[in-house]
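Undergrad: Would you mind keeping the following structure in view while I ask a few things?
The values are calculated or read from the model by the stated rules, or taken from the named source; none is laboratory data. A quick note: this is a predicted structure, and the numbers were derived from the prediction, not measured. A quick note on method: Cβ atoms are made from the backbone with ideal geometry, for glycine too, and the neighbour counts reach across all protein chains shown. We work out accessible area using only protein heavy atoms, side chains counted, and drop any ligands, DNA or RNA first. Shrake-Rupley method; radii C 1.70, N 1.55, O 1.52, S 1.80 Å.
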Amino acid sequence: MKELFYSIFEVLSQLGYIGIALGLMIEVIPSEIVLSYGGYLVSTGTIHFWGALAAGVIGGTIAQLFLYWIGLYGGRPFLDKYGKFLLIKKSHLDASEQWFQKYGTGVIFTARFVPVIRHAISIPAGISRMPLSTFSIYTLAAMIPWTVLFLLLGIQLGDHWREIKEYAKPVLLPIIFLASTSVVIYFLYKKKK
């Protein structure tokens with residue numbers, strides 16, 4: 001699997017903006033790596049920040065729309081059977097469905113910042129037939145700060161962009177805490193209302 005990962009990444013890394021978008025669309029390579037590499041390319045002057053941002057937001061949004069449509073048209077039976085080919089674990093799907101059922105549509109934004117939940121949350125949105133326009137707005141709104149964050153980290157790391165996982169941990173922990181807290185507050189607000 002690691003060899004496949006690196007061979008795909010090698011091809012995508014030579015495509016600039018298109019490579020960033022495609023890397024996020026196919027979801028084989030973690031978005032943190034694709035975007036931090038994009039930040040590295042910005043730091044070398046190979047590509048421009050705004051183009052990388054647009055490619056990251058578009059690619060990440062299309063990837064989530066694809067998962068939404070799988071949920072909408074294939075449903076849980078399809079995912080139970082073929083999810084492993086899309087690198088979607090049953091445990092991730094179970095967790096995201098529980099979050100979606102418990103917290104509702106507002107979780108689409110905040111779940112993008114929570115590991116395990118973030119990749120699979122689009123599927124229960126599709127299964128529950130969440131309006132596509134609402135789903136797209138929440139997804140786009142979450143993709144912008146996520147993309148900016150990892151592009152900036154990649155710029156800062158420069159040649160050391162491969163170390164993004166270790167470098168990003170102290171940055172991501174407060175974001176995960178804030179996202180989780182926001183979901184709980186949103187849930188309590190909705191319940192009270």
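Undergrad: Report the local net charge at SER122: Lys and Arg +1, Asp and Glu -1, summed over other residues whose C-beta lies under 12 Å from its C-beta.
TA: 0
Undergrad: Quickly work out the LYS81-to-GLU163 label distance, labels modelled 7 Å from Cα along the C-beta direction, and quote it in nm with one decimal.
TA: For the pair GLU163/LYS81, the computed spacing is 4.8 nm.
Undergrad: If I ignore ligands, DNA and RNA and count only protein heavy atoms, how much of LEU67 is accessible to a 1.4 Å probe, in Å² to the nearest 10?
TA: 10 Å²
Undergrad: What distance in nm separates the simple spin-label points at LEU140 and GLN101, each placed 7 Å from Cα in the Cβ direction?
TA: Going from the LEU140 label point to the GLN101 one covers 3.1 nm.
Undergrad: Calculate, in nm to one decimal, what ASP94 and THR44 gain on full extension: separation in residues at 0.36 nm each, minus their alpha carbon distance.
TA: That works out to 13.9 nm of additional length.
Undergrad: Sticking with this one: Could you work out what % of the accessible surface of region 110-162 is carbon and sulfur, using a 1.4 angstrom probe and leaving DNA, RNA and ligands out of the count?
TA: 68 percent
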